[in-house]
Amino acid sequence: MVSWDAPGPGYWELDRSHFLGGETPLVQYIQANSMPAGLRRVFAELGTPAETLDCGFVNGFMYTRLRPLVAADRPTKNLPPKFVLRAVGRFHPEFRRRTKAALRTQAERPWRKVVDDWEHGGRALVESRNLAIQKVDLAELDDPTLIEHAQEVIEHCRASWEYHHWLHGYDLGPIGSYLAGCREWGIEPVDAIPLLEGASPSTVDPMHTLTRLRTAVERSGHVPQTLDDVRAIGPEAAHDLDKYLEYHGSMMISRYDIDGVTLAEIPEVVLSTILHGVERAVGEGLQYRIEVIRSRVPVAHQEDFDSRLEEARAAMNLRDDNGPTTAEWPLGLLRLAMLEVGRRMVAAGVAAIPDDALELRSEEVSMDTLRGTGPNAAELDRRRQERHRLATLDAPLSLGEREAVPPLEVLPKPLADVVRIVQIVIEQLGMGGERSTSGLRGVGVGDQIVRGRACRADSPEHAIDRLRNGDVLVVPCTTPAYNAVLTLAAAIVTADGGPLSHAAVLARELGISAVVGARGALTEIPDGALIDVDPIAGEVRIVAEA
């Protein structure tokens, strides 16, 4: 019997927009230690009237709780009178500090500097560290040095993820500010979010390299059977391919966990993307669409609309550049290090397969484990089987008792404005436990109805492995690094996520029709079925069974 106990005091909501359940011990450790730390820092800087977003795992599923500034570990169902709440909001020292920070945020718009810093040094620093780790020849390390290296990569991943979550305050902040402003002016996110289309060149830049390689292949008159055949076309093709793999090959592209797959591990998919991928035009008629929405904004607020939209579009690229560099790349490097640890464990007779090392806890990545005094092969296999079993469970959408939430009117206005921004971002990411979609209805992205064969799998790796040119990819969710394979897909359907989820952003930036957050996608769509993806109606229709 599996028990579902809240990971701490208060009310916790399930997050399946990033984690699908059955997460490995190392990723649970990294996420639980990086997310609250990064958000604690940015919440204080921006003036958010909450301490952080706490993170806990229950049976391998991730739950989050917005941690209050006051009496966080003593949640209550009943609020004191409003005059008491107003007094706390105005006179409590921490609320006073947050109010000052929120006023600074409104006046200085600090995300402008953060975006500039990222583009002029921040990204390069993380990339240089990733490249340095990537260049280490793992096979040449002796056992103690390999263990030390693996421990360093765990810490690099934790620190990079903390930076990733901190950056999210400065990329999602202006996006939320834009959406909150639009809502005040009578424009809902369904109309406002499409105006962010084409604002993320980092998403499409890798596609330009693949397009150049596709052109080189066509000019050569030969159909390559391997990536080495692509290199043999000529120096320029070899340079483009090697540079592409240098910056993308070690990224986790299928999920936020080390039991996923890095791009370099599926060379046949890379080759297929080069040969058959389609680069679609995006952003057509964007300025006209902006003017249409702008005309609905009261004249007195149109300059504010322009400013918020400009800042949101600048932040979109930070958001989609941040993830692959600070999250998926370090995670892929950790997978490669742990698989080498696993090979040494097999050689030492303490593991059956290299993947056994993926079941280790952070404190078990040690020479003791290699010497056989840690968990043995049977224990690691038991952990894997149990993790996979738990991942099939239907996790509750929430745990713990609901907490009393103060009404916004009792907060000083600067703090209330920040709360609205946080609320709308969580809502549009699809992170909250309550979901409005059901069955094969969700949030549509695009304006073209697409018919294709469903390539459906509970495992993203399984779907990617079987994806054929023109298929509709049906998966639980996506990561930003999915752009490496999505040019093969005619459309995307996900079971989780919202209009700001990575799947929705990728679809908009790559010009692919999508329906995201269709909860029944993995249970009601048969693999191989002919389906219509209708982003206009926000639904998927089964045309014919497989």
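For the reader, a short list of remarks on this structure follows.
- Checking Val299 against (1) surrounded by 15 or more Cβ atoms within 10 Å (Cβ to Cβ); (2) more than 23 Å from the chain's Cα centre (by Cα); (3) among the aliphatic types (A, V, I, L, M), the condition it does not meet: (1)
- In the stretch 380-398, the residues that are in the same structural domain as Leu360 (by TED's automatic domain parsing) and under 14 Å from Leu358 (Cβ atoms) form Cβ pairs under 8 Å with partners that are of a type in the set (Ser, Thr, Tyr) and surrounded by 15 or more Cβ atoms within 10 Å (Cβ to Cβ), at six or more places apart or across chains, as follows: Arg387/Thr24.
- Residue count for the stretch 494-526 satisfying the condition of being within 22 Å of Leu14 (Cα to Cα), more than 16 Å from the chain's Cα centre (by Cα) and assigned to a strand (DSSP E or B): 1.
- Selection within the stretch 286-302 - among the charged types (D, E, K, R) and in a helix (DSSP H, G or I): Arg289, Glu291, Arg294
- Which numbered condition Ile133 misses (of (1) of a type in the set (Val, Ile, Thr); (2) outside any helix (DSSP H, G or I); (3) touching a helix residue (DSSP H, G or I) at 6+ places or on another chain (Cβ under 8 Å)): (2)
Residue-wise test of (1) touching a strand residue (DSSP E or B) at 6+ places or on another chain (Cβ under 8 Å); (2) part of a helix (DSSP H, G or I); (3) not polar (S, T, N, Q).
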| site | (1), (2), (3) |
| --- | --- |
| Glu23 | yes, no, yes |
| Ala44 | no, yes, yes |
| Leu53 | yes, no, yes |
| Thr64 | yes, no, no |
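- Annotation: of all residues in the stretch 451-476 being buried (at least 22 other Cβ atoms within 10 Å of the Cβ) and at pLDDT below 80, the one that is nearest to the chain's Cα centre (by Cα) is Pro460.
- Taking the criterion of being farther than 26 Å from Asn78 by Cα, modelled with pLDDT of 95 or more and surrounded by fewer than 21 Cβ atoms within 10 Å (Cβ to Cβ), the residues of the stretch 4-35 that qualify are Pro25, Gln28, Tyr29, Ala32, Asn33.
- Taken over the stretch 447-469, the criterion of being out of contact with any helix residue (DSSP H, G or I) (no Cβ under 8 Å at 6 or more places or on another chain) and not in a helix (DSSP H, G or I) is satisfied by Asp447, Gln448, Ile449, Val450, Arg451, Gly452, Arg453, Ala454, Ser459.
- Hits in the stretch 41-65 (condition: without any contact (Cβ under 8 Å) to a residue 60 or more places away in the chain and either hydroxyl-bearing (Ser, Thr, Tyr) or under 24 Å from Ala395 (Cβ atoms) (or both)): Thr52, Leu53, Asp54, Cys55, Gly56, Phe57, Met62
- Check on Ala71, more than 30 Å from the chain's Cα centre (by Cα) and within 26 Å of Glu328 (Cβ to Cβ): no
- Count of the stretch 250-279 residues which are exposed (fewer than 14 other Cβ atoms within 10 Å of the Cβ) and closer than 22 Å to Ser200 by Cβ: 0
- Within the stretch 45-71, being of a type in the set (A, V, I, L, M) and either crowded, with 18+ Cβ neighbours inside 10 Å or not assigned by TED's automatic domain parsing to the domain that holds Leu380 (or both) holds for Leu46, Ala50, Leu53, Val58, Met62, Leu66, Leu69.
- Residues considered: Thr494, Thr523. Of these, the only one that is hydroxyl-bearing (Ser, Thr, Tyr), within 20 Å of His18 (Cα to Cα), without any contact (Cβ under 8 Å) to a residue 60 or more places away in the chain and in contact with a Pro (Cβ under 8 Å, 6 or more places away or on another chain) is Thr494.
- Of the helices (runs of 4 or more DSSP H) that lie entirely inside the stretch 74-128, those containing 1 or more residues that are under 22 Å from Pro407 (Cβ atoms) and in the same structural domain as Ser177 (by TED's automatic domain parsing) span 82-91, 93-108.
- Against the numbered list (1) under 21 Å from Leu506 (Cβ atoms); (2) in contact with a Gly (Cβ under 8 Å, 6 or more places away or on another chain), Phe305 comes up short only at (1).
- Contact annotation: residue pairs with Cβ atoms under 9 Å, 6 or more positions apart or on different chains, pairing a residue in the stretch 269-280 that is under 15 Å from Tyr482 (Cα atoms) with a partner that is crowded, with 21+ Cβ neighbours inside 10 Å and among the polar types (S, T, N, Q), are Thr273/Thr487; Gly277/Thr487; Val278/Thr487; Glu279/Thr487.
- Annotation: of all residues in the stretch 527-539 being in contact with a Gly (Cβ under 8 Å, 6 or more places away or on another chain) and in a strand (DSSP E or B), the one that is surrounded by the fewest Cβ atoms within 10 Å (Cβ to Cβ) is Leu530.
The values are calculated or read from the model by the stated rules, or taken from the named source; none is laboratory data. A quick note: this is a predicted structure, and the numbers were derived from the prediction, not measured. Note: ideal-geometry Cβ built from the backbone for every residue, glycine included; neighbour counts use all protein chains shown.
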